[in-house]
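Each remark here refers to the structure printed beneath this line.
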Amino acid sequence: DILTQTALSEVRTVDPDHLAGAPLVLAQKVEKQFGTLKVLKGIDLAIPKGEVLCIIGPSGSGKSTFLRCINQLERIDGGALWVSGERVGYHREGNKLYELDDAAIARQRRSIGMVFQRFNLFPHLTALQNIIEGPVQVLGESAREATARALALLERVGLADKRDAYPSQLSGGQQQRIAIARSLAMRPELLLFDEPTSALDPELVSEVLKVMRDLAETGMTMICVTHELGFARDVGHRVAFMDQGQIVELGDPRSVLVDPKETRTKAFINAVR
Ligand code: ADP
Ligand code: MG
């Protein structure tokens, strides 16, 4: 209805003056539940542009769900979530519901890249074709432009010689590096990593972490859910420890990983170390 529409346009976009220095991601009391199971119980978090935030925590604590809410694979049930100064496409305010149309949600999602535990490459496409698919189909780039950029990205992830290889001909670590290149080809403002090395054989983990580390040095804003505490300590600007749907502890990597304040954080770190 017209009232909702008006309210929507008012809340959706932040005044540009407020945007300067505003966080790229802002979560305020974000709640999510599946049926009666409360999975996110009021997440408050502000992530400035250029930050690398590592999220650690036990299985089932809501880490993946939180990432999925940020890029709108899930709808939040309470609180507020902002990305790049825009409210995400679906939210409640009091008892009012706001919902953007699919095109607007697709546009919001386009600025966010996500790298999963499983690499999700198209099996019938080569490495190069996997990377240019999105830029050509979604961003409308010419094949020529997309290919030039894809080759540069292949170079960047150290796989220039694998441009014509199919995923089945690549190791897990190589596939994951292609998946990262494919995300970057979409020119994301924000990259979400959900345990990108958990499915890899141990000897392949470091090559993927190196690509992520290089990426962090370029100033990319990254949220990395990871069990690699060494990576979190060395590359993360901040580390968040999540447990049972809440951020239990948040701070610089040393304070959270080396000298945690909370009992639950200590127990988790001792258990995984
Ligand atoms: P983590 O990534 O920290 O391991 P998840 O966010 O995957 O945790 O899951 C948090 C909780 O939510 C778990 O109990 C999980 O079983 C539950 N959950 C996740 N996705 C769904 C879903 N689509 N439907 C029902 N329950 C879900
Ligand atoms: Mg998970």
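The values are calculated or read from the model by the stated rules, or taken from the named source; none is laboratory data. All values reported here derive from a predicted model rather than from experimental measurement. Cβ sites come from the backbone with ideal geometry, for glycine too, and all protein chains shown count toward neighbours. With ligands, DNA and RNA removed, areas are computed over all heavy atoms of the protein, side chains included. Shrake-Rupley method; radii C 1.70, N 1.55, O 1.52, S 1.80 Å.
Observations on the structure shown:
- Take the Cα of residue 271, go 7 Å toward its beta carbon, and the backbone nitrogen atoms of region 49-76 under 12 Å from that spot belong to 57-61.
- Restraint check, 49/96; 32/96; 49/266; 32/261; 162/210; 29/266, Cα-Cα greater than 21 Å: 49/96; 49/266; 32/261; 29/266
- Prolate/oblate/rounded call for region 105-188, Cα gyration tensor, a/c under 1.5 rounded: oblate
- Between residue 117 and residue 137, residue separation times 0.36 nm minus the direct Cα-Cα distance comes to 4.8 nm.
- FRET efficiency estimate (nearest 0.05) - Cβ-Cβ, residue 34 to residue 262, R0 22 angstrom: 0.30
- With DNA, RNA and ligands ignored, accessible area of residue 98 (1.4 Å probe; Å², nearest 10): 10 Å²
- Taking the C-alpha atoms of the chain, convex hull volume expressed per residue in Å³: 147 Å³
- Once you reduce region 258-273 and region 33-80 to the center of their Cα atoms, the two points are 21 Å from each other.
- Summarising the amide proton neighbourhood of residue 52: residues at separation of 5 or more, or on other chains, whose placed amide H is nearer than 5 Å comprise 222, 237, 238.
- DSSP-loop trypsin sites (Lys or Arg not before Pro) across region 143-244, with at most 12 other Cβ within 10 angstrom: none
- Total formal charge among the other residues, if their Cβ is under 9 angstrom from that of residue 238, Lys/Arg +1 and Asp/Glu -1: -2
- Antiparallel bridge percentage (DSSP; both residues within the chain; nearest 5): 60 percent
- In the chain, helical runs assigned H by DSSP with n ≥ 4 each contribute -39500 (n - 2.57); averaged across all residues and rounded to the nearest 500, the mean residue ellipticity at 222 nm is -11500 deg cm²/dmol.
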